[in-house]
Amino acid sequence: MDSSLLKELQKIVGTEYALSDRESLAVYGYDSTPELESCPAAVLLPAHGEEVATIVSRCAAAGVSVTVRGSGTNLSGGSISHDGGVVVQTSRMNRIIEIDEENLTATVEPGVITSALHRQVEARGLFYPPDPGSMHISTMGGNVAENSGGLRGLKYGVTADYVMGLETILANGDLLRTGGKVVKDVAGYNLNPLLVSSEGTLGIFTGITVKLIPKPQAKITMLAHFPAMSDAALAVSAIIAAKVIPATLEFLDKVTIKCVEDYAHVGLPLDVDAVLLIEVDGHPVVIAEEAAAVTEICKKHRCSFFQTAKDDGEALKLATARRTALSALARLRPTTILEDATVPRSCIAAMLQVIQEAAKKYDVTIGTFGHAGDGNLHPTCLTDERDPDEIKRAHQAFEVIFDAAIAMGGTITGEHGVGLAKKKYLPRLVGESGVRVMRGIKQAFDPQGILNPGKVI
Amino acid sequence: MDEVKLINCMRCGMCLPHCPTYRETFLETASPRGRVALIRKVTEGELDQSERLLEYLALCLDCQACASACPCGVNAGELVAEFSCEGKAGQGGLNFMEDLILRKLVPHPDRLETSMAPLRLYQRTGLQKLVRHLGILKMFPKPLARMEGLLPALPARPLRQEISEVTEAIGPERGSIGFFLGCVMSLIFSDASRATIQLLSALGYKVITPKNQVCCGAPNMLGGDLAGLQEAARTNVEIFAGYEVDFIVTDCGGCGAELKKYGHHGAGEAAAEFSARVRDISEVLALHADELALLLQPLALKVTYHDPCHIAHCQGIRREPRQLLKLIPELSYQELEAADACCGSAGTYNIARPEMSDRILQRKLDTIASSGAAVLVTSNPGCLLQLKKGLAEQLPNVRILHLTELLLQSLRAPVALKPS
Ligand SMILES: Cc1cc2nc3c(=O)[nH]c(=O)nc-3n(C[C@H](O)[C@H](O)[C@H](O)COP(=O)(O)OP(=O)(O)OC[C@H]3O[C@@H](n4cnc5c(N)ncnc54)[C@H](O)[C@@H]3O)c2cc1C
Ligand code: SF4
Ligand code: SF4
């Protein structure tokens, strides 16, 4: 990097927060995505939005690319910078600006950790539902930029359903305000949904206002054991068809169960093919009925054992264990490549079948878990990056899985984003006109192409 | 360095919120994920083992909170320690001071005790007060002044010299225990170790404290002296093999963690057998919780517990200390927020990295203050030193005790401590 630009950037954030030594740069070239790495030219940790704006305008003037990063936990390579670009990490911008109990909104800086917001709003009897598996480290900015889902997506939706207002630094350093605290707003194009899930390619969020809802009064957490995987899948569709909408309806297969139990020791069954983690929440009377309905459906679908968490502590343990699934799978083999194919809920059983067949055909081990209630499974290939042949077979298996997902009317990624990892599959899904419109949008926001270049399209 | 241990890190970031130095800095280089990546890049030849890189790694506390948090079984703290240790050996081994301390002093309890004698004299003659009063310490190099500030009042004599080798069981003997008396426990916290012995004997154990046992070797590991550690392991294994004991018990978290690892240091079957017998005092006491409950007298105190890293993260012991505290009648137990977060002591870290250590300590003190507890209980000498100093400066009304000290108070006195 040009040393005068570096000096300017140092002046903006302070030398302590402008890193350019080899060692620092080397560890800002990865995120949680396997097989991808780069080397940025500088890493900046601004303290507030104005600093971000100045950074972007200086970089734009110098033609240097900017990749914004929260905690670097995304799974599509979205925070991996261009070689020679600048990384802007938002962690220091971690203030919860306001929790507005009258309007039921929270306004935060982008570096706020998701579960820190949960804690603050829940202390006031309020609720911010999106809870990705990574919530104790993921940032709100990352969640918005990826439109992250979570364990409560089935009933409560995903991040996009809660974003009301954004403050975004555009590619020239200007500030764009969209939405706000009003619940209705039809003035002009609706830009919020466009910015949500833009993966750092359209602008950098410096302020985020989200909707809050009252905290559910009570919840019941259950675990159903299924000797046959297909029965678990059919139970998922049956629960939804019975018009019961649990907050959580998570699936774990045998491989995943074993790995999670190895780490978490929460008493998961090691002798069944699958478990469903189910949580219903709301009014105590209603959830008692819902829990009864769920129990009956699971039993009808040959679940061998059905357990109900005896208290909040046990419920929390089960949910926490589920959140470790992806990382726990990495206990078995060093490299885990996971996918995020999502299908209409009624197709879950068919999708599981496809995954099993693909694993067999290409001779790879796949552990599957995920947000079954959302039709969003994470088949995870357990492999070793030092074995190129196996890696190749893993990718072949995923090709089959993607094509099947698209054929079922599903999508290549439900919540992890396109980033670098899924870029080549996007045209297959959205078609030529889809790509053209997306290119046009990128062009309108960032004609120079300096914001997180090379991602998505 | 085992390459597989490094590539097992899948960079999920689940460890980041648990790492004290990441929490303070938000820097990837100060995170477990970043540290593993740095080491990996050196072993793969992508980075040199530069001064700066070593500096980044040296900021690691080796608290192993990351290991507890890592679902895939990576232990960044241990990898850093191993890497630094290997690096040291590669650079031609120990320097003069390290050799003097690690090889000539630490492995010989009598020499270690003699070397502490001047300090004891210094405190007892009132010289300490004078020095502090006159601010003479300001003239000394900072690390020395810090060390002085950490030092609580020393017992008149090290415990090792005072106790007899065998303490008989009270009542019918249920078994015998080999007591591993940690150096710092003996030299500084002898009351706590005395309490440990008395509790065990009250529960019917004969307690044997071999006088010739040597330092567990943890300081050697810390200083990058693997050979010294192996020597310590050999000596201790041999000494304890001479006694018929059910358990080898220690009340020092750091010693316990190290003793339990002797089996891994390639010291053979005898070492593995030794390690399998090692227990933290809380583990043994918890085995007899029912009987202990009958012996304990009320203490109407609000108490909280700080998990030492060497107990919670390295040995996985969390339930037992809490269970034991809750046995004391009328005691009100208040869980500490982030109870298993490091206090910043971490061996010699509080002297080597004063600034980071103080920031980490401050967080701990804040949680102690908001717990409202009158007594803070913990069970590792490093934590006792660090927190004692912190409390004295900021929360003088909060007392700090080793777990066995509080249990003994409850065992002995009607009400030894004043209710808060
Ligand atoms: C163990 C594990 C479990 C996970 N579970 C889930 C899950 O259940 N559901 C789910 O949806 N995802 C999950 N993820 C994926 C990941 O955690 C989410 O994508 C998360 O939102 C990323 O947050 P982050 O702060 O790490 O963002 P980063 O990874 O740093 O960045 C993600 C993207 O957002 C962009 N970005 C970051 N901040 C901003 C900003 N301020 N303005 C504009 N763009 C920005 C980046 O450029 C990048 O493209 C999981 C990941 C792991 C490792
Ligand atoms: S050390 Fe473990 S928890 Fe941390 S990033 Fe690596 S795999 Fe994840
Ligand atoms: S041992 Fe402690 S300080 Fe070191 S990386 Fe792990 S959590 Fe961080």
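Each value in this text was obtained by applying a stated rule to the coordinates, not by laboratory testing. Keep in mind the model is a prediction, meaning the values are calculated, not measured. Glycine also receives a Cβ, built like all others from the backbone with ideal geometry; neighbour counts cover every protein chain displayed.
Roughly what angle does helix A:254-264 make with the longest principal axis of chain A, taking Cα atoms, 0 to 90 degrees, to the nearest 10?
Value to nearest ten degrees: 70.
Suppose we look only past 33 Å in the calculated P(r) of chain B. What percent of the Cα-Cα pairs does that tail hold?
Roughly 33 percent, once rounded to a whole number.
What is the distance in Å between the Cα centres of segment B:307-369 and segment A:168-194?
46 Å
Contact order normalised by length for segment A:96-214, with contacts defined as Cα pairs under 8 Å and 6 or more residues apart; what percent is it?
Normalised by residue count, the contact order of segment A:96-214 is 32 percent.
Given the alpha-carbon gyration tensor of segment A:3-89, what are the semi-axes of its equivalent ellipsoid in whole angstrom, ordered largest first, with each equal to the square root of 5 times an eigenvalue?
Over the Cα atoms of segment A:3-89, the semi-axes work out to 21, 13, 12 Å.
Arranged by the count of other C-beta atoms within 10 angstrom, fewest first, what order do B:Glu46, B:Glu55 take?
Ascending Cβ contact count within 10 Å gives the list B:Glu55, B:Glu46.
Quote the convex hull volume per residue of segment A:96-214, based on C-alpha atoms, as a whole number of Å³.
Looking at segment A:96-214, the number lands at 100 Å³ per residue.
For the protein assembly as shown, count all C-alpha to C-alpha pairs, find those more than 43 Å apart, and express that count as a whole percent of the total.
Working: 143433 of 384126 pairs.
Roughly 37 percent, rounded to a whole number.
Limiting things to C-alpha atoms, what are the Rg and the maximum Cα-Cα separation (Dmax) for segment A:270-359, in angstroms?
Values for segment A:270-359 (Cα only, Rg and Dmax): 16.0, 47 Å.
So what is the diffusion coefficient of segment A:215-365 in µm² per second by Stokes-Einstein at 37 °C and 0.692 mPa s, using a Kirkwood Rh over Cα pairs?
Numbers: Rh = 16.1 Å.
Estimated via Stokes-Einstein, D reaches 204 µm²/s.
For A:Thr221, enumerate residues with amide H under 5 Å from its amide H, sequence gap 5+ or separate chain, H modeled in the peptide plane.
Amide H to amide H, under 5 Å and 5 or more residues apart or across chains, A:Thr221 pairs with A:Ala309.
Near A:Lys243, which lysines are there with a Cα under 21 Å away, not counting those fewer than 8 places off in the same chain?
Leaving aside lysines fewer than 8 places away in the same chain, those within reach of A:Lys243 are A:Lys155, A:Lys219, A:Lys299, A:Lys300.
Considering every residue in B:9-22, what mean count of other chain Cβ atoms within 10 Å of its Cβ is obtained?
Per-residue shielding by partner chains comes out at 6.
What ³J(HN,Hα) values, in whole Hz, does the Karplus curve 6.51 cos²θ - 1.76 cosθ + 1.60 give for segment A:161-176 when θ = phi - 60°, with x put for Gly and Pro?
Per residue, the Karplus-derived 3J(HN,Hα) values read 5, 10, 6, 9, x, 9, 10, 10, 8, 7, 5, 9, x, 6, 9, 10 Hz.
Rounded to two decimals, what is the ratio between the C-alpha radius of gyration of segment B:291-412 and 2.2 N^0.38 Å? Before the final figure, lay out each step's value.
Working: Rg = 14.1 Å, N = 122, 2.2 N^0.38 = 13.7 Å.
Segment B:291-412 yields a ratio of 1.03.
Below 8 Å between Cα atoms, with a sequence gap of 6+, how large is the relative contact order for chain A in percent?
Working: 990 pairs, mean separation 70.9, N = 457.
Taking the mean separation of contacting Cα pairs over the length of chain A, I get 16 percent.
Calculate for chain A the 222 nm mean residue ellipticity that helices alone would give, adding -39,500 (n - 2.57) per DSSP H run of length 4 or more and normalising by residue count, nearest 500 deg cm²/dmol.
Working: 15 runs with 166 residues, N = 457.
Helix-only estimate at 222 nm: -11000 deg cm²/dmol.
Which lysines, if any, have their Cα less than 20 Å from the Cα of A:Lys7, not counting same-chain residues under 8 positions apart?
none
Which whole number gives the average count of other chain Cβ atoms within 10 Å of the Cβ atoms across peptide A:130-138?
3
Sort B:Met14, A:Met408, B:Met1 by Cβ crowding within 10 Å, fewest neighbours at the top.
B:Met1, A:Met408, B:Met14
From the backbone phi of segment B:371-378, what are the Karplus-calculated ³J(HN,Hα) couplings (6.51 cos²θ - 1.76 cosθ + 1.60, θ = phi - 60°) in whole Hz, Gly and Pro given as x?
6, x, 6, 8, 10, 9, 10, 8
Could you give the distance between the Cα centres of segment A:29-58 and segment A:98-163, to the whole Å?
First find each Cα centre; the distance between them is then 23 Å.
Need one number: % antiparallel among DSSP beta bridges in the protein assembly as shown, to the nearest 5.
Taking every DSSP beta bridge with both residues in the protein assembly as shown, the antiparallel ones total about 70 percent.
Of the beta bridges DSSP finds with both residues in chain B, what % are antiparallel, to the nearest 5? Display every interim value, and only then the final one.
Details: 2 of 21 bridges.
In chain B, DSSP labels about 10 percent of beta bridges as antiparallel.
Taking only the C-alpha atoms, wrap a convex hull around chain A and report its volume per residue in Å³ as a whole number. List each step's numbers first, then the result.
Working: hull volume 66.2 nm³, N = 457.
Expressed per residue, the convex hull around the Cα atoms of chain A is 145 Å³.
Please order B:Cys383, B:Cys314 by the number of other Cβ within 10 Å, starting at the fewest.
B:Cys314, B:Cys383
Search the structure for amide H atoms under 5 Å from the amide H of A:Thr413, placed 1.01 Å from N in the peptide plane, and list their residues when 5 or more places away or on another chain.
Amide H to amide H, under 5 Å and 5 or more residues apart or across chains, A:Thr413 pairs with A:Thr342.
Skipping prolines and chain starts, which residues have an amide H placed within reach, meaning under 5 Å, of the one on A:Ser304, given they are 5 or more residues away or on another chain?
Sorted by chain and number, the residues that satisfy this are A:His225, A:Phe226.
Taking θ as phi - 60°, what are the ³J(HN,Hα) couplings along segment A:431-442 by the Karplus curve (6.51, -1.76, 1.60), each to the nearest whole Hz, with x for Gly and Pro?
In residue order, the calculated couplings are x, 5, 5, x, 4, 4, 5, 4, 4, x, 5, 4 Hz.
Quick one: check the C-alpha center-to-center distance for segment B:269-294 versus segment A:331-348, whole angstrom.
After rounding, the separation between the Cα centres reads 43 Å.
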